[in-house]
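Some notes on the structure that comes next.
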Amino acid sequence: MLLTIITITKNDFEGLEKTLKSTQNLREEYSVEHLIIDSSESSIQTKIKLFSEQVNTKYFFQKPQGISAAFNYGLSKAEGRWVWFLNSGDKLHSDLNIDLFIQILQNSLAKVIIFDIEYEKNKFSQRPSLPYLWPPVFNWISHPGTIINKNLLQQVKGFDEDFKIAMDGELWLRLLSQDIRTDLVSIVITDFQEGGLSSNLSNTALEVKKIIATHKFLLLKHWLLNGLMIIKAWIAYTKISKRS
């Protein structure tokens with residue numbers, strides 16, 4: 001199986017309905033599986049569970065343990081080579097060329113593919129210039145716009161459940177600090193519904209500070225390595241320039 005979409009939800013029947021409707025073509029025409037990880041109240045569980053009757057849709061219930069735990073539970077059930085965490089209420093972008101999207105997934109040699117998302121009408125995510133791509137402390141990579149190799153995610157043990165809001169930012173820091181091939185594709189794949197936990201900027205900022213503090217030695221190591229790389233380049237090109 002090429003792709004598994006994982007959507008976690010809690011008491012959001014309407015949002016989940018929008019998400020599933022937008023992925024219908026992917027599920028029916030391209031055999032993409034869509035997993036629902038539900039932590040809703042019992043009265044809403046019954047309604048949401050009915051969605052599992054749709055083509056290539058599976059329902060799983062998990063007692064509320066936080067977003068990271070729900071993501072990881074979905075990851076444990078995924079069968080696709082690629083995994084896409086699409087929030088309840090988010091939609092496949094209406095202008096997405098699905099054939100092209102599938103071809104990218106089939107042919108990419110990368111382990112992570114970072115696409116673009118649309119926050120509101122005519123308001124697209126914009127990546128910073130090259131010098132600011134690493135470390136990803138201001139380069140906020142949105143998980144609804146990112147497709148990740150499932151085996152890679154399992155190797156790094158998924159999301160850190162100590163993080164409740166910025167768990168994707170912590171994951172990117174761990175992943176992108178390794179020698180992992182990453183594709184940046186400027187195609188919008190997701191219509192992002194704002195208003196989730198990350199919209200609380202104060203709480204999000206506290207977690208980003210926690211990410212930096214947790215990985216301070218990793219960040220320092222890469223800062224030193226970058227400086228060392230420049231010195232090595234200077235020495236190497238000096239030697240080459242003297243050969244003639």
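Here residue 141 clears all of (1) surrounded by 15 or more Cβ atoms within 10 Å (Cβ to Cβ); (2) modelled with pLDDT of 85 or more except the condition numbered (2).
The residue that is farthest from residue 25 (Cα to Cα), among those in the range 69-86 that are open to solvent by 40 Å² or more (accessible area, probe 1.4 Å) and touching a residue at least 40 places away in the same chain (Cβ under 8 Å), is 77.
Taken over the range 20-44, the criterion of being among the hydroxyl-bearing types (Ser, Thr, Tyr) and closer than 18 Å to residue 71 by Cβ is satisfied by 23, 39, 40.
Test residue 114 against the stated conditions and say whether it is open to solvent by 20 Å² or more (accessible area, probe 1.4 Å), of a type outside the set (Gly, Ala, Ser) and modelled with pLDDT of 90 or more. Considered against the rule, which asks whether it is open to solvent by 20 Å² or more (accessible area, probe 1.4 Å), of a type outside the set (Gly, Ala, Ser) and modelled with pLDDT of 90 or more, residue 114 comes out as no.
Applying a threshold of 8 Å to beta carbon distances and a minimum spacing of six or more residues, or different chains, the list of pairs starting in the range 153-171 at a residue that is among the polar types (S, T, N, Q) and ending at one that is not in a loop (DSSP other than H, G, I, E, B) reads 154/75. When the residues of the range 165-186 are filtered to those that are more than 23 Å from residue 105 (Cα to Cα) and at pLDDT below 85, the one that is surrounded by the most Cβ atoms within 10 Å (Cβ to Cβ) is 166.
When the residues of the range 21-79 are narrowed to those that are among the acidic types (Asp, Glu) and assigned to a strand (DSSP E or B), which ends up farthest from the chain's Cα centre (by Cα)? Going through the qualifying residues, I end up with 38.
Could you list, in sequence order, the residues of the range 193-213 that are at pLDDT 65 or above and hydroxyl-bearing (Ser, Thr, Tyr)?
Those that are at pLDDT 65 or above and hydroxyl-bearing (Ser, Thr, Tyr): 202, 204.
Only residues that are under 22 Å from residue 78 (Cβ atoms) and open to solvent by less than 80 Å² (accessible area, probe 1.4 Å) were counted in the range 37-60, giving 15. Return the residues of the range 131-155 that are over 13 Å from residue 84 (Cα atoms) and in a loop (DSSP other than H, G, I, E, B); say none if nothing qualifies. Scanning the range 131-155 gives 133, 134, 135, 136, 137, 138, 139, 140, 141. For the range 49-68, the criterion of being touching a residue at least 60 places away in the same chain (Cβ under 8 Å) and in contact with a helix residue (DSSP H, G or I) (Cβ under 6 Å, 6 or more places away or on another chain) is met by at least one residue.
Restricting the first member to the range 3-32 and to residues that are more than 23 Å from residue 81 (Cα to Cα) and open to solvent by 70 Å² or more (accessible area, probe 1.4 Å), and the second to residues that are of a type in the set (Phe, Trp, Tyr) and part of a helix (DSSP H, G or I), the beta-carbon pairs closer than 8 Å and six or more apart or on different chains are 17/51.
The values are calculated or read from the model by the stated rules, or taken from the named source; none is laboratory data. The structure presented is a predicted model; accordingly, all values stated were derived computationally and were not measured. Neighbour counts run over all protein chains shown; Cβ positions are idealised from the backbone, glycine included. For accessibility, only protein heavy atoms count, side chains too; no ligands or nucleic acids. Shrake-Rupley method; radii C 1.70, N 1.55, O 1.52, S 1.80 Å.
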